[in-house]
Each structure stands twice: as structure tokens, then as C-alpha cells.
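For reference, the structure discussed in these notes is given below.
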Amino acid sequence: MTAYLINHLRQPGVLHREVLEYLDRVQATLDPFGGKFIAQGGEPQVLEGAWAGSVIVLSFPDMTKVRAWYKSAAYQKILHLRTDHLIGDVILVDGVDPDHTPGKFAQKLWNLSPTRVIESARAPVANINVGTNLDLSRTHHA
């Protein structure tokens, strides 16, 4: 399953020489792991909430590849060129299966714990980790 690395740059536009060197060198570290930039440099269009900064999205064949790339000697050698000069957050997330639908996901949640489903709009929002281990421990009982 495709995996994604999302980098939220909270201070875009810093053009330090070492950041440009990082950009020149990073693709060579991605190639052996099948990593590709799929979003970089575009202006985010905020539809809900607030978003300060810019976003970069990379895709990899799977989570094993993206983790191996990030830990690789080649990438670790250049990582400081970015982190010494830019403030941001980096997360990894799995993509979805080709047959994924929101309805199928909702059914999976119903099946896990139908007694924990919130009935009132005024009830606290569930803190659900939708990864491999669904955490419904903080969900309000109706």
C-alpha cells in the first residue's frame, strides 16, 4: 500500500544556501526507495481551520520503504541541511486500499464498538487513531 510523508513547513520561504543544497541532493536519496515528490511549492488553499506555512508530500511504495529511506545513511547525511534552517513537522501515513470508501470505514468503526458511538452533537468528540490500532478509549459513551 502506498505510504506518504507529509512535511508541514511552518516557516516557508527561508532560502538558506544549505536548504538549496538539500533540495539539489534529496532526490538521489529517494530514488533507491521509490520515493517521489507529489506536492511541493504550491500555495495551500485553506478550506477549514487554519494553516500557516506550506506543505510537501512525498509518496513511497509502502511504509517499509519510507521508513528505510528516512533512516538511510544517505538521507541522514543531508537531513541537517534542512532541519538546521527550517521549522516544520514531518509525519508518515499509509494510503488506502483501492477499494476503500468512507462508508466501509464507518462500518469498520461500528463493528468495533457500536456502544461507543456518539448520539448527541454536544458530546465530546472521539479521539480515534485510525491506523492499525484503533484507539476508542477516549470516546464518550452515549
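The values are calculated or read from the model by the stated rules, or taken from the named source; none is laboratory data. Keep in mind that this is a model prediction, so the values were computed, not measured. Glycine gets a Cβ as well: all are built from the backbone with ideal geometry, and neighbour counts include every protein chain shown.
Among the residues that make up the stretch 71-79, is at least one of them in a helix (DSSP H, G or I), touching a residue at least 40 places away in the same chain (Cβ under 8 Å), within 14 Å of the chain's Cα centre (by Cα) and closer than 27 Å to HIS16 by Cα?
Within the stretch 71-79 (the criterion being in a helix (DSSP H, G or I), touching a residue at least 40 places away in the same chain (Cβ under 8 Å), within 14 Å of the chain's Cα centre (by Cα) and closer than 27 Å to HIS16 by Cα), the answer is no, since none of the residues qualifies.
Do you know which residues across the stretch 31-52 are outside any loop (DSSP other than H, G, I, E, B) and of a type outside the set (Asp, Glu)?
PRO32, PHE33, LYS36, PHE37, ILE38, ALA39
Could you give me the residue pairs with C-beta distances under 7 Å whose first residue belongs to the stretch 88-111 and is farther than 30 Å from VAL19 by Cβ, whose second residue is at pLDDT 90 or above wherever it lies, and which are 6+ apart or on separate chains?
Once the first residue is farther than 30 Å from VAL19 by Cβ and sits in the stretch 88-111, its partners that are at pLDDT 90 or above give ASP97/MET1.
Would you check if PRO61 is without any contact (Cβ under 8 Å) to a residue 24 or more places away in the chain and either at positive phi or not aromatic (Phe, Trp, Tyr) (or both)?
Spelling it out, it is not the case that PRO61 is without any contact (Cβ under 8 Å) to a residue 24 or more places away in the chain and either at positive phi or not aromatic (Phe, Trp, Tyr) (or both).
Among (1) closer than 21 Å to GLY95 by Cβ; (2) in contact with a Lys or Arg (Cβ under 8 Å, 6 or more places away or on another chain); (3) surrounded by fewer than 16 Cβ atoms within 10 Å (Cβ to Cβ), there is one condition ALA68 misses while meeting the rest; what is its number?
Among (1) closer than 21 Å to GLY95 by Cβ; (2) in contact with a Lys or Arg (Cβ under 8 Å, 6 or more places away or on another chain); (3) surrounded by fewer than 16 Cβ atoms within 10 Å (Cβ to Cβ), the lone unmet condition for ALA68 is (2).
Can you tell me how many residues in the stretch 2-29 are at pLDDT 95 or above and part of a loop (DSSP other than H, G, I, E, B)?
So the answer is 1.
Per-residue answers, yes or no, for (1) over 19 Å from MET1 (Cα atoms); (2) not polar (S, T, N, Q):
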residue	(1), (2)
GLY41	yes, yes
GLN45	yes, no
TRP51	yes, yes
ALA68	no, yes
ALA73	yes, yes
GLN76	yes, no
GLY95	no, yes
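State yes or no: is LEU86 more than 11 Å from HIS8 (Cα to Cα), under 18 Å from the mean Cα position of the chain (by Cα) and not β-branched (Val, Ile, Thr)?
So LEU86 does not fit the description; no.
Can we say GLY103 is loosely packed, with under 11 Cβ neighbours inside 10 Å and part of a helix (DSSP H, G or I)?
yes
How many residues does the stretch 1-36 contain that are closer than 16 Å to GLY95 by Cβ and of a type in the set (Phe, Trp, Tyr)?
The total comes to 2.
Evaluate the following for VAL19: is it surrounded by 13 or more Cβ atoms within 10 Å (Cβ to Cβ), of a type in the set (A, V, I, L, M) and in contact with a His (Cβ under 9 Å, 6 or more places away or on another chain)?
Criteria met by VAL19.
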